[in-house]
Amino acid sequence: MNKREGEGWSRRNVEAAQERDVHANPSSAVIAAFKVFQQELDSRHDKYERLVKISRDITIESKRAIFLLHRVINVPNAEGVLKEAEGKLDGVRQKIGQIAEELRGEDIYQFHRAFTPGIQEYVEAVSFLHYIRHRSLISLEEINARLVFMNTENSDPKGSAEAPPSGALVLTFQVTPADYLLGVADLTGELMRLCIGSVGNGDIDTPFQLSQFLRQIHDGFSYIGNTGPYEVSKKLHTLRQSLGKVEDACYTLRVRGSEIPKHMLADVFCSRTTHMDTEEGVV
């Protein structure tokens, strides 16, 4: 069947369906039941599409916060950058509040695929900020504690730690363990970039700290193995790549650090990283 025949067949099907609608008995119980099914499916589809759009906004704003956080190694006032990033993440949490509103009374796993990319990006951004400030990994409980929202008829949902006023509806959003793990796995790539940027600024201590931290994350993911979600095992390969690049940077610093001027270290690491990526692509 060629394209023109296919279009003709589709048009005939539409015309036949319209003819059936004309001759169908509107008072039939079967027709009424299927009208209800149609409305329910349309409602769920519209909700799914709204969640996809909110997830895209969350992804964009989270990436902007991550790009901003990479500036902490280049500016004298790092706290100002951290506060600006925190402000961006507050806006992201308001978007997550919209997801919580959409999912009120719904099964979260029916719509999980619609918003999981945005939630993973948010976990990556907030864990990156937490590491820069505290040099530790944020827990799932700490992330979920910030995702409590108050919703009233005259205001949008906003995260708040204060007692809700009378008549306010408290909404919560719980990041799933799988989304948390996937976000942490993506965090390792940002830490690898932070390592290379720190070396370029003459900071030779941060790469060794990052190496230890990434090794601990890698060991934790290794305990999960193949028992976790399928996506986690896929991210493990990228995690190992990031760890290998950071360890290679530490090796170069330890062995050849005294031979290479500090302002040239970043160029050396970038060239070695490109060489490693080329070899991995060939394999």
Go through (1) open to solvent by less than 60 Å² (accessible area, probe 1.4 Å); (2) in contact with a Gly (Cβ under 9 Å, 6 or more places away or on another chain); (3) at pLDDT 95 or above; (4) not small (Gly, Ala, Ser) and name the single condition His70 misses. (3)
Number of the condition not met by Phe269 [criteria: (1) modelled with pLDDT of 80 or more; (2) touching a helix residue (DSSP H, G or I) at 6+ places or on another chain (Cβ under 8 Å); (3) assigned to a helix (DSSP H, G or I)]: (1)
Answer residue from the stretch 66-83, given it is in a helix (DSSP H, G or I) and over 10 Å from Ile132 (Cβ atoms) and is nearest to the chain's Cα centre (by Cα) among those: Ile66
Determine which member of the set Lys63, Lys95 is under 25 Å from Gly200 (Cβ atoms), of a type in the set (Lys, Arg), assigned to a helix (DSSP H, G or I) and modelled with pLDDT of 90 or more. Lys63
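For every residue, the table says whether it meets (1) among the acidic types (Asp, Glu); (2) touching a strand residue (DSSP E or B) at 6+ places or on another chain (Cβ under 9 Å); (3) at pLDDT 90 or above; (4) assigned to a helix (DSSP H, G or I).
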residue	(1), (2), (3), (4)
Gly167	no, no, no, no
Leu171	no, yes, yes, no
Gln174	no, no, yes, no
Leu181	no, no, yes, yes
Val184	no, no, yes, yes
Phe208	no, no, yes, yes
Cβ-Cβ under 6 Å pairs, at least 6 apart or on other chains, the stretch 229-258 side open to solvent by 50 Å² or more (accessible area, probe 1.4 Å), far side of a type outside the set (A, V, I, L, M) and part of a helix (DSSP H, G or I): Glu247/Ser211
All but one of (1) modelled with pLDDT of 95 or more; (2) closer than 30 Å to Gly105 by Cα hold for Gln38, so report the exception by its number. (1)
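The values are calculated or read from the model by the stated rules, or taken from the named source; none is laboratory data. Bear in mind that the values here come from a model prediction, so they are computed numbers and not experimental data. Virtual Cβ from ideal backbone geometry, glycine too; neighbours counted across all protein chains shown. To get the accessible areas, we keep the full protein, side chains included, count just its heavy atoms, and leave off ligands, DNA and RNA. Shrake-Rupley method; radii C 1.70, N 1.55, O 1.52, S 1.80 Å.
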